[in-house]
1. Within the stretch 205-220, is even one residue within 26 Å of Leu112 (Cβ to Cβ), away from the ligand (no atom under 16 Å from the Cβ) and open to solvent by 10 Å² or more (accessible area, probe 1.4 Å)?
2. Out of the residues in the stretch 286-336 that are among the hydrophobic types (A, V, I, L, M, F, W, C) and within 30 Å of Lys43 (Cα to Cα), state the one that is farthest from the ligand (Cβ to nearest atom).
3. Taking into account only those residues within the stretch 381-426 that are part of a strand (DSSP E or B) and within 30 Å of Gly163 (Cβ to Cβ), which is farthest from the ligand (Cβ to nearest atom)?
4. Could you identify the single residue in Arg153, Arg175 that is closer than 26 Å to Leu247 by Cβ, outside the structural domain of Glu352 (by TED's automatic domain parsing) and more than 16 Å from the ligand (Cβ to nearest atom)?
5. Taking only pairs six or more apart or across chains, which ones have beta-carbon atoms under 9 Å, a first residue in the stretch 44-60 that is in the same structural domain as Phe300 (by TED's automatic domain parsing) and on the phi < 0 side of the Ramachandran plot, and a second residue that is in a helix (DSSP H, G or I) and of a type in the set (S, T, N, Q)?
6. If I filter the stretch 240-267 down to residues being open to solvent by 10 Å² or more (accessible area, probe 1.4 Å) and of a type in the set (Val, Ile, Thr), which single residue comes out as nearest to Ser62 (Cα to Cα)?
7. Is one or more of the residues making up the stretch 328-349 among the aliphatic types (A, V, I, L, M), over 17 Å from Lys401 (Cα atoms) and open to solvent by 50 Å² or more (accessible area, probe 1.4 Å)?
8. May I ask you to list pairs of residues, at least six apart or on different chains, whose Cβ atoms are under 7 Å apart, with the first in the stretch 316-328 being in contact (Cβ under 8 Å) with a residue 12 or more places away in the chain and the second being among the acidic types (Asp, Glu) and within 16 Å of the ligand (Cβ to nearest atom)?
Amino acid sequence: MTLSMTFAPELETLSLDEIRSHQNIKLRELVQTLHRNNGFYRKRFDEAGVVPEDFRGMEDISRLPMLSKEDFRVTYPLGMCSVPKEEIREMHMSSGSTGTPVIMPYTQSDLLQWAICMGRCYRMAGAVPGDVVQITPSFGLFNGGFGMYHGARLAELFIVPTGAGNTERQIRLARDLKTKIFTGVVSYGIRLIEVLQQLDTDLPDMKIGIFGAETFTSAMKQQMISALGIEPFDIYGMTETGGVGTLGMDCQAHSGIHIWEDHYYIEVVDAATQKPVPDGKLGELTVTSLTRQAIPVVRFRTGDLTRIVSREKCHCGRTHLRVEPISGRTDDMLIVKGVNFFPSQVEQALMEIPGVRPHYQIIIEEVNGVKDVRINVETDEGVTGFMVEKHLKERLGFSPKGDVFAPGELPRQEGKAKRVFFGNAPQK
Ligand code: DLL
């Protein structure tokens, strides 16, 4: 854990006062620029009675209206964009669980901003120029592949842009090129473990795993440490903030995700009242992007649940605040027989059972008008449905039925894994 791994030491170690003052300046500029150049925000600010000239900065942030995914939907494709189309150089898109397309356009400066944030993440994980990085999120509309690529260019890494799938070829390339840094969506890390076991081989040169895009429970991180021998990092970002790595990642101290505060201002709010919650309390993360051009977000309700872990200087020397790994989404919460729970809690509980594999389905079915939950999970021989049910009951406070399957029996997906099914779950 050394600061020499830092990409931009002077920016990553700013004092709290310096960060606040920088954020204040940027926020005031942002409100003025958006009011001047962006019809969507001008209307919003006018409706909320925000007068840019009087806007003081952070102390007035609660006067700014919040932004939601729905705002992106109704302004599709480029209705929220601040710049003329000729200045757009790239775009990415996510469809989300509702199928609503969200387009994020990038200017040249936005692409650099993305590369800076992502490049910092690589260096924070310990990457040095010349290291081989294998990028396995897909290259295309999903921001994962290209974001990791832009960042790796800036961090001067040797890029192996495999994209998604074809795990045997991934393993072959990783062996032949001595890949040191492996990147992917969390469930692909799990897939890699599975295929390595099937092939009865390992990747001794791989040291660093950068995974994200899905909840990354500590149980999954432990599996990666023991099965792959890597140090896993939890990388965070989303289409609306400009893609993978824009928000931040955990450092080698692994004590929370550092948010790149010189580029983003975050608030954690009560999802129901939209009022900020005290540090340490779980709430919905809202994000304001301070340095983006095409579509900066202002108080964007991410739907992601987290809490602020610390605003103190970290052991790594960085001063940017830390949040807990994302534990779920406001719209992910399941309620069965009066008990509220998140899929990540099921995963955490399952992984505590010896012999249970990280491939599972949570199926919500209705029996006689009453919602019930069934959990399908792959296990090694010797684990019974009863053992799974008993443990889940202890940990979750209700009794889902548990069906066990042999390794490889449940279907696999490319990209983000789908774990929750309403009605029938797909079979292989
Ligand atoms: O998933 C960006 C990304 C790509 C992050 C590759 C990391 C690695 P979207 O497709 O727009 O972008 O999905 C964003 O994914 O609101 C979270 O709900 C979830 N998510 C992203 N990173 C994490 C993470 C990418 N580290 C949505 N932990 C976000 C938990 C994550 N959830």
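1. No, there is no match, as no residue in the stretch 205-220 is within 26 Å of Leu112 (Cβ to Cβ), away from the ligand (no atom under 16 Å from the Cβ) and open to solvent by 10 Å² or more (accessible area, probe 1.4 Å).
2. Looking only at the stretch 286-336, we keep the residues that are among the hydrophobic types (A, V, I, L, M, F, W, C), and these are 287, 290, 294-295, 297-298, 300, 305, 308-309, 314, 316, 321, 323, 326, 333-336.
Next, only the ones that are within 30 Å of Lys43 (Cα to Cα) stay: 287, 290, 294-295, 297-298, 300, 305.
Working: Val287: 10, Leu290: 19, Ala294: 16, Ile295: 13, Val297: 12, Val298: 17, Phe300: 10, Leu305: 9 Å.
Only one residue tops the list, namely Leu290.
3. At the first step, the residues of the stretch 381-426 found to be part of a strand (DSSP E or B) are 401-405, 420-422.
Now narrow it down to the ones that are within 30 Å of Gly163 (Cβ to Cβ): 405, 420-421.
Details: Phe405: 25, Val420: 13, Phe421: 18 Å.
Per the stated criteria, the residue is Phe405.
4. None of the others qualify; the one that does is Arg153.
5. Partner pairs satisfying both residue conditions: Pro52/Gln32; Pro52/Thr33; Glu53/Gln32; Phe55/Gln32; Arg56/Asn24; Met58/Gln23; Met58/Asn24; Glu59/Asn24.
6. Ile266
7. Filtering the stretch 328-349 down to residues among the aliphatic types (A, V, I, L, M) leaves 333-336, 339, 346, 349.
Among the residues that remain, those that are also over 17 Å from Lys401 (Cα atoms) are: 333.
Still in the running and open to solvent by 50 Å² or more (accessible area, probe 1.4 Å): 333.
Within the stretch 328-349, one or more residues are among the aliphatic types (A, V, I, L, M), over 17 Å from Lys401 (Cα atoms) and open to solvent by 50 Å² or more (accessible area, probe 1.4 Å).
8. What qualifies is Pro325/Asp234; Ile326/Asp304.
The values are calculated or read from the model by the stated rules, or taken from the named source; none is laboratory data. Quick caveat, the model's predicted, so the values are computed rather than measured. Neighbour counts are summed over all protein chains in view; Cβ atoms, including those assigned to glycine, are modelled from backbone coordinates with ideal geometry. In case anyone asks, the SASA skips ligands and DNA or RNA and just uses the protein heavy atoms, side chains included. Shrake-Rupley method; radii C 1.70, N 1.55, O 1.52, S 1.80 Å.
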